[in-house]
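Step one of this worksheet: look at the structure below.
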Amino acid sequence: MSKTKVALIGAGVWGEVHAKLYREHPGVELVAVCDQNIERARKLADTMGLSAVFSDHREMLDAVDFDAVSIVTPDFAHGQATVDCANAGKDILVEKPLATTREDVEAIVEAVQRNGVRIMVDLHNRWSPPFAVAHDCLMRGELGDPVSAYFRLNDIRWVATDMLPWAAKSSILWFLGSHSVDTLRWFMQDEVESVYAVCSKGVLASMGVDAVDVYQTILKFRRGGIATMENSWITPNTHPCINDIKFNITGTRGMINLDLSNNQMIERFTEDRNDRPDVLVQHFVHGKAKGFAYESIRHFIDNLVTGEEFLVSLEDAVNTSLVILAILESAETGQPVKVRYLGE
Ligand SMILES: NC(=O)c1ccc[n+]([C@@H]2O[C@H](COP(=O)([O-])OP(=O)(O)OC[C@H]3O[C@@H](n4cnc5c(N)ncnc54)[C@H](O)[C@@H]3O)[C@@H](O)[C@H]2O)c1
């Protein structure tokens, strides 16, 4: 069987994750890497044994023949690349969030539908084993109908101060809140009707990053379900895991709690540190990529080949972005905001 030829746009921290999965997937050939920082593109391409590197995705689209593309640029830079790739007839895996403005969301939907290409947004929390098992319990009816949910999904502050050079041009809501909203919609099996959010700023600003520290949001779903979500970028760096994750789903007949705030199965003590190595998100077992960060990318390729629907639809990703725009508006105005879906 012929291999799916894939190109990569964005060769940063997460672009490397995509490249590693493509390198090991037997059905994929990674054929080109693009990054506006050409040195970064070249460095990643070298590790993959590739020579086709570009600093502009339009040049890559003109010069290289490929079937599908991963778009792994910063949150605010997904729109144009996604539209251009759709117009070139490529199937697309775009990192979350789909886009950070309503205009970009609309332009992507228009281009994807007009060109008949397939697209998945990497809202990979659906592949996290504890969340997937909890969701299966809910789907089997063990919890009854979903009534309420709580989701804390926070990052240590290092992510905003050191990992992401563009943190101030995004938001913890786009960076992690997109996973929160998608997960809550997935569990409630419903769309968010309205949101009310408050936020606090100051800690990151005092460290030179002009971004909100934390958002607390209440979401009301159309059929009456309610949820609370917290997204913070100021968890202390001493936290045992990069994320602080607590989740509860309560139904008419049962409830599930998740505490994923540290990888409790493994503790490492060396002369200079004590930590909990990752055995959930992006770890390797006998040289093979196993974490759920890789599983969502594998799913994209597998379902491209079989033609099956993606677990995350375009509508899921569109509505997630529109809910976050409503949350941002609520935090700014201090008022509850009704989510405005496409066509409304
Ligand atoms: N699924 C997840 O949980 C997860 C985890 C981390 C990051 N991400 C997402 O991945 C994306 C990238 O994050 P990152 O941590 O790799 O950021 P990064 O800054 O490490 O890498 C982004 C790269 O994109 C390049 N770039 C910027 N604009 C470009 C353009 N127009 N064309 C080509 N290259 C361009 C930059 O030079 C940089 O090398 C973000 O959307 C982020 O939210 C997702």
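When the range 189-205 is filtered for residues that are open to solvent by less than 10 Å² (accessible area, probe 1.4 Å) and either within 16 Å of the ligand (Cβ to nearest atom) or over 11 Å from THR320 (Cβ atoms) (or both), the ones remaining, listed by number, are VAL195, ALA197, LEU204.
Please go through (1) assigned to a loop (DSSP other than H, G, I, E, B); (2) without any contact (Cβ under 8 Å) to a residue 60 or more places away in the chain for VAL212 and return the number of the only condition it doesn't satisfy. Against the list (1) assigned to a loop (DSSP other than H, G, I, E, B); (2) without any contact (Cβ under 8 Å) to a residue 60 or more places away in the chain, VAL212 comes up short only on (2).
Inspection of the range 32-50 finds no residue satisfying the criterion of being within 23 Å of the chain's Cα centre (by Cα) and away from the ligand (no atom under 15 Å from the Cβ). The criterion of being in a helix (DSSP H, G or I), at pLDDT 95 or above and among the acidic types (Asp, Glu) does not hold for GLU309.
Before we move on, is THR217 farther than 24 Å from ALA77 by Cβ, open to solvent by less than 10 Å² (accessible area, probe 1.4 Å) and in contact (Cβ under 8 Å) with a residue 60 or more places away in the chain? So THR217 fits the description; yes. In summary, strands (runs of 3 or more DSSP E) completely within the range 56-161 and bearing 2 or more residues that are open to solvent by 10 Å² or more (accessible area, probe 1.4 Å) occur at 146-155. No other residue among VAL279, VAL323 is among the aliphatic types (A, V, I, L, M) and not in a loop (DSSP other than H, G, I, E, B) apart from VAL323. Under the condition of being of a type in the set (S, T, N, Q) and part of a loop (DSSP other than H, G, I, E, B), the residues counted in the range 326-344 number 1. Within the range 51-80, the residues that satisfy the criterion of being under 23 Å from the mean Cα position of the chain (by Cα), among the small types (Gly, Ala, Ser) and more than 9 Å from the ligand (Cβ to nearest atom) are ALA68, SER70, GLY79. Within this structure, THR252 passes the test of being exposed (fewer than 12 other Cβ atoms within 10 Å of the Cβ) and in contact (Cβ under 8 Å) with a residue 60 or more places away in the chain.
Taking the criterion of being assigned to a loop (DSSP other than H, G, I, E, B) and open to solvent by 70 Å² or more (accessible area, probe 1.4 Å), the only residue of the range 34-48 that qualifies is GLN36.
Being under 22 Å from the mean Cα position of the chain (by Cα), at pLDDT 95 or above and charged (D, E, K, R) holds for only one residue in LYS246, LYS201, and it is LYS246. With respect to (1) more than 11 Å from the ligand (Cβ to nearest atom); (2) open to solvent by 10 Å² or more (accessible area, probe 1.4 Å), the lone exception for VAL6 is condition (2).
Just a yes or no: is a residue in the range 319-338 modelled with pLDDT under 95 and over 30 Å from THR4 (Cα atoms)? Checked against the condition, which is being modelled with pLDDT under 95 and over 30 Å from THR4 (Cα atoms), the range 319-338 yields no hits at all. Among the conditions (1) touching a helix residue (DSSP H, G or I) at 6+ places or on another chain (Cβ under 8 Å); (2) near the ligand (Cβ under 10 Å from one of its atoms), ASP91 misses just one, which is (2).
Counting residues in the range 168-182 that are in contact with a Gly (Cβ under 6 Å, 6 or more places away or on another chain), aliphatic (A, V, I, L, M) and either in the same structural domain as ILE226 (by TED's automatic domain parsing) or within 16 Å of the ligand (Cβ to nearest atom) (or both) gives zero.
The values are calculated or read from the model by the stated rules, or taken from the named source; none is laboratory data. Values in this document were obtained by computation on a predicted structure and should not be read as measured data. FYI the Cβ positions are ideal-geometry reconstructions off the backbone, even for glycines, and counts take in every protein chain you see. Note: accessible area is taken over every heavy atom of the protein model, side chains too, but ligands, DNA and RNA are not part of it. Shrake-Rupley method; radii C 1.70, N 1.55, O 1.52, S 1.80 Å.
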